[in-house]
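Engineer: I'd like to ask you about the structure that follows.
The values are calculated or read from the model by the stated rules, or taken from the named source; none is laboratory data. Source: prediction; values computed, not measured. Neighbour counts are summed over all protein chains in view; Cβ atoms, including those assigned to glycine, are modelled from backbone coordinates with ideal geometry. Ligands, DNA and RNA are excluded from the accessible area calculation, which covers all protein heavy atoms including side chains. Shrake-Rupley method; radii C 1.70, N 1.55, O 1.52, S 1.80 Å.
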Amino acid sequence: MTDKSPDKSPIELRVPHKDDGYRLHQLVAQCPPLDENSIYCNLLQCSHFAETGVAAEKNGDLVGFISGYIPPRQPDTIFVWQVAVHEKGRGQGLAKRMLNEIVARDACSDVTHMETTITEDNQASWALFRSFARDRGAELTHREFFEKDTHFGGEHDSEYLLRIGPLAKS
Ligand SMILES: CC(C)(COP(=O)(O)OP(=O)(O)OC[C@H]1O[C@@H](n2cnc3c(N)ncnc32)[C@H](O)[C@@H]1OP(=O)(O)O)[C@@H](O)C(=O)NCCC(=O)NCCS
């Protein structure tokens, strides 16, 4: 008989490494509406920007990932580039766990604010960052950042910049 009980194996969070790049590319492809980047870009996210990213593994499978970096002119800010959680891992607090993991890193010791950009219709993403801000007792502001026609040639919806902070250390 096949075991149909839910898989309770733990999900391990860790610093990404370059062997994750190709698997990250595949995960993002399975997580619409995320934009797919080149494999090369994913490799850079997993190497140059590893300390400000997080990989989530379950039974050896990559089930979640956050890419991010500290913008060169904003050393107090962690910019979250993409958040991806495989369909099977959603609704269990994994995305929020990964956000908390990044801000707890030594690489983020000078970070007081988090930023990301989101399209207006990505309700899951808005809910995630609102929830993170609420947990931290932090203010969340937003403004249009990359505009559909001006910056995307009409080919992509406008992206709104969210800024969350100051972040209380948890
Ligand atoms: C968005 C995404 C990362 C959320 O991952 P997740 O692990 O399921 O999120 P969590 O379980 O940590 O949820 C965090 C909060 O967001 C809320 N949330 C998550 N998905 C939601 C959805 N689809 N609709 C409404 N709220 C949602 C949760 O209820 C929770 O809020 P709470 O703390 O108030 O209860 C995941 O759905 C995903 O990968 N989507 C496709 C890619 C994408 O859109 N990424 C975000 C853009 S960068």
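Engineer: Here are some conditions: (1) open to solvent by 30 Å² or more (accessible area, probe 1.4 Å); (2) at pLDDT 95 or above. I78 meets all but one. Which one does it not meet?
Structural biologist: (1)
Engineer: Follow-up question, since we're still on this one. Take the residues in the stretch 99-141 that are part of a strand (DSSP E or B) and within 14 Å of the ligand (Cβ to nearest atom); name whichever of them is most open to solvent (accessible area, probe 1.4 Å). Quick ask: steps written out before the conclusion?
Structural biologist: Our first condition is that a residue be part of a strand (DSSP E or B); within the stretch 99-141, this holds for 113-119, 139-141.
Subset that is within 14 Å of the ligand (Cβ to nearest atom): 114-119, 140.
Numbers: M114: 3, E115: 15, T116: 6, T117: 31, I118: 4, T119: 22, L140: 50 Å².
My answer is L140.
Engineer: Is the stretch 47-57 home to any residue that is closer than 26 Å to R163 by Cα, within 12 Å of the ligand (Cβ to nearest atom), open to solvent by 50 Å² or more (accessible area, probe 1.4 Å) and assigned to a loop (DSSP other than H, G, I, E, B)?
Structural biologist: Among the residues of the stretch 47-57, not one is closer than 26 Å to R163 by Cα, within 12 Å of the ligand (Cβ to nearest atom), open to solvent by 50 Å² or more (accessible area, probe 1.4 Å) and assigned to a loop (DSSP other than H, G, I, E, B), which makes the answer no.
Engineer: Determine, yes or no, whether H156 is over 30 Å from S9 (Cα atoms) and either of a type in the set (F, W, Y) or part of a strand (DSSP E or B) (or both). Step through it out loud before you land on a result.
Structural biologist: Working: over 30 Å from S9 (Cα atoms): yes; either of a type in the set (F, W, Y) or part of a strand (DSSP E or B) (or both): no.
When the stated conditions are applied, H156 does not pass them.
Engineer: Cβ contacts < 7 Å: first residue aliphatic (A, V, I, L, M), restricted to the stretch 138-158; second residue part of a strand (DSSP E or B), any location; separation 6+ or different chain. Result?
Structural biologist: Once the first residue is aliphatic (A, V, I, L, M) and sits in the stretch 138-158, its partners that are part of a strand (DSSP E or B) give A138/I164; A138/G165; L140/L162; L140/I164.
Engineer: Here's something else I'd like to know. Looking at R143, is it farther than 22 Å from A84 by Cα and modelled with pLDDT of 95 or more?
Structural biologist: On the way: farther than 22 Å from A84 by Cα: yes; modelled with pLDDT of 95 or more: yes.
Yes.
Engineer: Does the stretch 144-151 contain at least one residue that is more than 30 Å from P10 (Cβ to Cβ), out of contact with any helix residue (DSSP H, G or I) (no Cβ under 6 Å at 6 or more places or on another chain), within 16 Å of the ligand (Cβ to nearest atom) and not in a loop (DSSP other than H, G, I, E, B)? Talk me through it step by step, then tell me what you get.
Structural biologist: Taking the stretch 144-151 as the starting set, the residues that turn out to be more than 30 Å from P10 (Cβ to Cβ) are 144-151.
Within this subset, residues satisfying the condition of being out of contact with any helix residue (DSSP H, G or I) (no Cβ under 6 Å at 6 or more places or on another chain) are 144-151.
Of the ones still in play, those that are also within 16 Å of the ligand (Cβ to nearest atom) are 145-146.
Narrowing further to those that are not in a loop (DSSP other than H, G, I, E, B): 145-146.
Within the stretch 144-151, one or more residues are more than 30 Å from P10 (Cβ to Cβ), out of contact with any helix residue (DSSP H, G or I) (no Cβ under 6 Å at 6 or more places or on another chain), within 16 Å of the ligand (Cβ to nearest atom) and not in a loop (DSSP other than H, G, I, E, B).
Engineer: Can you pull out the residues in the stretch 70-81 that are farther than 15 Å from E101 by Cβ and either polar (S, T, N, Q) or within 14 Å of the ligand (Cβ to nearest atom) (or both)? Outline the logic, then answer.
Structural biologist: Filtering the stretch 70-81 down to residues farther than 15 Å from E101 by Cβ leaves 70-77, 79, 81.
Scanning the stretch 70-81 gives Q74, T77, F79, W81.
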